[in-house]
Amino acid sequence: MPDAGTATLAVPHAIDLAAPRGRVYRSIVETVGGTPLVALPRLTMLDDIRATVLLKLEFFNPLGSVKDRIGVAMLARAEDEGRITRGRTVLVEPTSGNTGIALAFAAAALGYRLVVTMPENASIERRKMLRLMDVQIELTPAKLGMAGAIRRAQDLLDSLPDAWMPAQFDNPSNPLIHAETTAEEIWTDTAGAVDLVVAGLGTGGTASGIAHRLCPRKEGFAVWGVEPLESAILNGDEPGPHGIQGIGPGFCPATLDRSALAGVLAVSEREAIAASRRCARVEGIPIGISSGAALHAALTLAAQPEHEGKTIVAIVPSFAERYLSTSLFNGLA
Ligand code: PMP
């Protein structure tokens, strides 16, 4: 196996840090999107991969995850449709994940109060980030799981005079914003060379939106979904507990168009964490656990002979640091 430390790498050595990039934005919400595609020169050389593998680094979004796109998009569309009013409507969403943080910054920036319901065992980092942005948190019994949080959110919605639930698992703005932005960015940045996109399936909004926009545009283009092996319901298994936060909700959401996907790969928590750690060590890109799952799946597809010479984009939803209290960091203290 070649040694990435000594072999000549296809890494650019002339790096222009003074190149202009950016401008003045009117609000933090305008900084969402436009995330970079980054190659993996050392990993692909070490694995002798003959496809181009690019990571779309969604942790470049302002609050650090792919969910920032839908956090802003769901509110913007609801405003356009006259469903919510700044300074008056209270937003209510059951979420223990990145969607809460995304809605929190969008709500604060646009002038909405937000109530998030979540099981009491949600990580303390998450809760503190939400409190920092003045979100009201309603904790529900851990033993009821997300179902308890959903019920509490519904009760609040029924009891408050002007409340609205973005409902990420049902809201068509979710896949739509990925068609309009994530897909178009991938297409433009690869100058149409993209052949495959690999994305973890949480709500399925990312994968479905990209598939809807790019499948009709290019013959042979395909999107592959990724689900946890421990809860591989799209591959016919039973739902179960797993450690890949953000994907594998245990049901098939309305926002997931299974028929738009070429297939769904099942990746274990162990494989996901191994890929995530390797990406940090070998490429200097510390990615989250579901990102590791997508990378593992992308490298699996890239190693198949029929994908030689193809361009494969894996969606990296979040940064490693958001998982400090999880098994991603076990043994690293
Ligand atoms: N990974 C992480 C860390 C996430 O927060 C999400 C969003 N829940 C996903 C993957 C999956 O994205 P989507 O909901 O668009 O399927």
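The values are calculated or read from the model by the stated rules, or taken from the named source; none is laboratory data. Since the model is a prediction, treat every value here as computed from it, not as a measurement. Quick reminder, even Gly has a Cβ in these numbers, built from the backbone with ideal geometry, and neighbours come from all protein chains shown. Only protein heavy atoms, including side chains, enter the accessible area calculation; ligands, DNA and RNA are left aside. Shrake-Rupley method; radii C 1.70, N 1.55, O 1.52, S 1.80 Å.
Structure data summary
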| read-out | value |
| --- | --- |
| Full-stretch length increase - GLU238, ARG50 - with 0.36 nm per residue and alpha-carbon distance subtracted | 64.1 nm |
| 18 Å cut-off, amide nitrogen to a point 7 angstrom out along ASP134 Cα→Cβ, residues in the range 77-107 | 85-93, 101-107 |
| Set of lysines near LYS218 by C-alpha distance (under 27 Å), chain-local residues within fewer than 8 positions excluded | LYS56, LYS67, LYS310 |
| For GLY202, net neighbour charge (Lys/Arg +1, Asp/Glu -1) across residues whose Cβ lies under 11 Å away | 0 |
| Test item: Cα-centred dipole of the range 86-161, Lys/Arg +1 and Asp/Glu -1 on Cβ, debye | 120 debye |
| Degrees between helix 205-214 axis and first principal axis of the chain (Cα, 0 to 90, nearest 10) | 60 degrees |
| Rg in Å to one decimal, and Dmax rounded to a whole Å, for the chain via C-alpha atoms | 19.8, 65 |
| Nitroxide proxy distance, nm - points 7 Å out along Cα→Cβ at ARG151 and VAL24 | 5.2 nm |
| Folded to 0 to 90 degrees: helix 145-159 orientation relative to the chain principal axis, Cα | 40 degrees |
| Under 13 Å from LYS143, Cα to Cα: aspartates and glutamates that are on another chain or at least 8 residues apart | GLU120 |
| Debye-sum result for the range 86-161 in log10 I(q)/I(0), which assumes one identical scatterer on each alpha carbon, at q = 0.16, 0.18, 0.19, 0.28 Å⁻¹ | -0.51, -0.64, -0.71, -1.34 |
| Antiparallel %, DSSP beta bridges [both residues in the chain], to 5 | 15 percent |
| Square roots of 5 times each gyration tensor eigenvalue, C-alpha, the range 264-333, largest first, Å | 23, 12, 10 |
| Accessible surface of TRP164 - all protein chains present, 1.4 Å probe, nearest 10 Å² | 40 Å² |
| For the range 119-161 versus the range 266-333, the gap between their alpha-carbon centres in whole angstrom | 29 Å |
